[in-house]
1. Which residue is nearest to ligand 1 (Cβ to nearest atom), if the candidates are limited to the stretch 362-389 and must be open to solvent by 50 Å² or more (accessible area, probe 1.4 Å) and either assigned to a loop (DSSP other than H, G, I, E, B) or at positive phi (or both)?
2. Which of the residues that make up the stretch 295-312 are open to solvent by 30 Å² or more (accessible area, probe 1.4 Å) and within 16 Å of ligand 2 (Cβ to nearest atom)?
3. Answer yes if at least one residue in the stretch 241-251 is out of contact with any helix residue (DSSP H, G or I) (no Cβ under 6 Å at 6 or more places or on another chain) and surrounded by 21 or more Cβ atoms within 10 Å (Cβ to Cβ), and no otherwise.
4. Among the residues of the stretch 31-51, which ones are free of Cβ contacts under 8 Å to residues at least 40 places away in the same chain and either of a type in the set (A, V, I, L, M) or closer than 11 Å to residue 160 by Cα (or both)?
5. Of all residues in the stretch 187-202, count the ones that are in contact (Cβ under 8 Å) with a residue 40 or more places away in the chain and either open to solvent by 50 Å² or more (accessible area, probe 1.4 Å) or assigned to a loop (DSSP other than H, G, I, E, B) (or both).
6. Take the stretch 93-137 and flag every residue that is modelled with pLDDT of 90 or more and of a type in the set (Lys, Arg).
7. Please give the strands (runs of 3 or more DSSP E) falling wholly within the stretch 62-161 in which 1 or more residues are open to solvent by 70 Å² or more (accessible area, probe 1.4 Å) and acidic (Asp, Glu).
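The values are calculated or read from the model by the stated rules, or taken from the named source; none is laboratory data. Owing to the predicted nature of the structure, the values given are computational and were not obtained by experimental measurement. Here Cβ is always computed from backbone atoms with ideal geometry, including for glycine, and neighbour counts include all displayed protein chains. Calculation scope for accessible area: heavy atoms of the full protein, side chains included, ligands and nucleic acids excluded. Shrake-Rupley method; radii C 1.70, N 1.55, O 1.52, S 1.80 Å.
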Amino acid sequence: MSILKQDVQFIKGVGPKKAARLNKLGIKTVEDALQHFPRDYEIWRGIKKVANAVDGEDASFVVTFVGNANTQKPRKGLTITTWRAKDDTGYLWCVWFNQPYRSNMYSTDKLYFVRGRVEYRYGMVQLQNPIVEEYVPEKHDGSKILPIYPLTEGITQKDMRNLMAEALKRVEGSLNDEFPADLRKRFKLAEKNFAMRHIHFPQSLQALEEARRRLVFEELFFMKMALHLIREKNHSNNRGLSFEWDHKAFEEFVQRLPFPLTNAQKRVVDEILRDLKSGRVMNRLVQGDVGSGKTVVAALALYCAVLSGYQGAMMVPTEILARQHYATLKELFDGTGVKVECLVGGMKNVEKESIRFRLATGDIDILVGTHAVIEDGVNFKNLGLVITDEQHRFGVRQRAALQQKGQSPHMLVMSATPIPRTLALMFYGDLDVSVIDELPPGRKPVKTYHVPPSMKDRVLEFIKRQVAEGRQAYMVCPLVEESDAIDSQSAIELFETLRRGELADLRLGLLHGRMKPAEKESVMEAFAAGQIDVLISTTVIEVGVNVPNATVMVIENAERFGLAQLHQLRGRVGRGEHQSYCILIADAKTKEIYERMKVMTKSNDGFEIAEKDLQLRGPGDFLGVKQHGLPEFKIANLVRDIGILKQVDLAVRQVLQQRDNPAYKALIEYTMDKFNEQLNEITFN
Ligand code: ADP
Ligand code: MG
């Protein structure tokens, strides 16, 4: 067995107990350990003199302790131990919290190496919770770069460093370089063994940079190559349904729509229809900014499926959206004989049973629903088309689960979240893309304002004026945590405050995740029917909700939301003929918050906002890379490494173009091998 595949517990100093903890970090083998890259580095720039200590800087000193340590208990549960130390230039105070044992650990006649964050307090140099080690010149002198690893309970930084040192010792020199020498040379890639050593224990910043570049290149290369191979596979071997439908009936339906399609909608519908009759499985992403009219495009695709004798299914992330789409589709298909049903988790069992039965017998043509649609026991008679709306809320796995409800049905995924072009290539290498790059006519851009919390009274006055003109408003409450319960609570509180106070004269509605499905539904219905003036809500309304008469979107604590999310929320207004407004209430405590709010007030363009979001937050946070169903990157950062990505594109192209080259052929085979599991998960056929 290769050393790389050996269990970590056999590494010196690990053992079964630590191995179990390491497993929690996904480290099972020696290889996993080596792939557990540092998240950062600590740079030691030699020993400082106390007199040269700089406030706020991490620094090391060599000192002796003076006199005795002093431990105080200012209150219950807190002890503060201080000990004065000095070098030949001045005094330094070491301060430890809740570590009274420190006072017995050191003596006054030895030299100690101390390291920590320097703070100037009351004119004194202080180190809080410093590292203290007996001074050993060979160990402590000179500068060095130490790795900082992501940890888990029971595993310290020291454990991790020992593990890596041991693991490296075992494999050093024997790591196989996946890249042939000519590619390494052309793209200036460091050799694999060098890269592995210096990513963990860099000898210099230069070596670290080279190591990192090589490993980022490698990671992006295999991902791109794998996506490319998936695409090839999907396009060569995806025999699918070939829809045949009554074109006259279809045209009549288009004519009967409440509005003419925009040119962009027409173009995208054409692209879809071409796929549907092609005999190859459609795997298409429809991207269109909020309000660009994706629902009707979906409806047309569904109608085409039904006219061709197949069933269609549409999966959406929230119950509110499921019910809204259900209502929209019912209205659109009124008089056509198409039978639409809705399936959501909150329904009664008997209702669900009846829907399941009618689906299996083919009595239902189109099913709209939440995740409930992909549960076991939901079986279709002849599912021909599956659609996921607001696709960023679903993973590849869920998309695939829906598709597996039929025999190679066509698939359409719809997203308002504009993935920046660079990411789109990464994430949707397996999909064809259609873009609705035009809004329906007559839309006025939403006017967006950023105001401080102190201006809330004026915001409420503004809402009152809009309501007096017959309009409606949303107020979205702070997202406190990823907790439904807490968010719901803050919505309830805001609702109560406004109902008793400033907005007592208006008809207020409340919507949050903790309400029963039927309650949510009736509130949404009342809001859509204009019986509620102001809807106070959590982010449950974030996606898809469409009430064109609503013209004001107030977002409290807007600084707590990501830009993509703010843009989605703003997309709830500006859906009709009236001028709409989005008011971001945010305390611009930091420059970053200020910048984010500025992006929102300056731009209404989802693509632009997404690019900015990516720059400001990085791709890890951007919607959560995980949600896209692709493995998270271990080391690459698509913002920082955009330059490397371009080089990777060149390399992938070179390898694919010269497949006869045995070294390249081996590289392609290696990619398939390495990504075998993922390839299966991502493939749709
Ligand atoms: P989204 O792309 O955000 O899902 P929707 O499908 O909800 O957008 O459409 C937003 C609004 O625009 C809806 O009220 C819809 O009826 C309307 N709409 C869609 N297409 C057109 C069009 N071609 N002309 C006028 N209004 C349209
Ligand atoms: Mg939508």
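1. Only one residue tops the list, namely 375.
2. Answer for the stretch 295-312, where residues must be open to solvent by 30 Å² or more (accessible area, probe 1.4 Å) and within 16 Å of ligand 2 (Cβ to nearest atom): just 295.
3. yes
4. The one that is free of Cβ contacts under 8 Å to residues at least 40 places away in the same chain and either of a type in the set (A, V, I, L, M) or closer than 11 Å to residue 160 by Cα (or both): 51.
5. 3
6. 102, 110, 115, 117
7. So the answer is 131-134.
Conditions tested, residue by residue: (1) part of a loop (DSSP other than H, G, I, E, B); (2) more than 11 Å from ligand 1 (Cβ to nearest atom); (3) buried (at least 18 other Cβ atoms within 10 Å of the Cβ).
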| residue | (1), (2), (3) |
| --- | --- |
| 259 | yes, no, no |
| 272 | no, yes, yes |
| 314 | no, yes, yes |
| 330 | no, yes, no |
| 334 | yes, yes, no |
| 337 | yes, yes, no |
| 345 | yes, yes, no |
| 360 | no, yes, no |
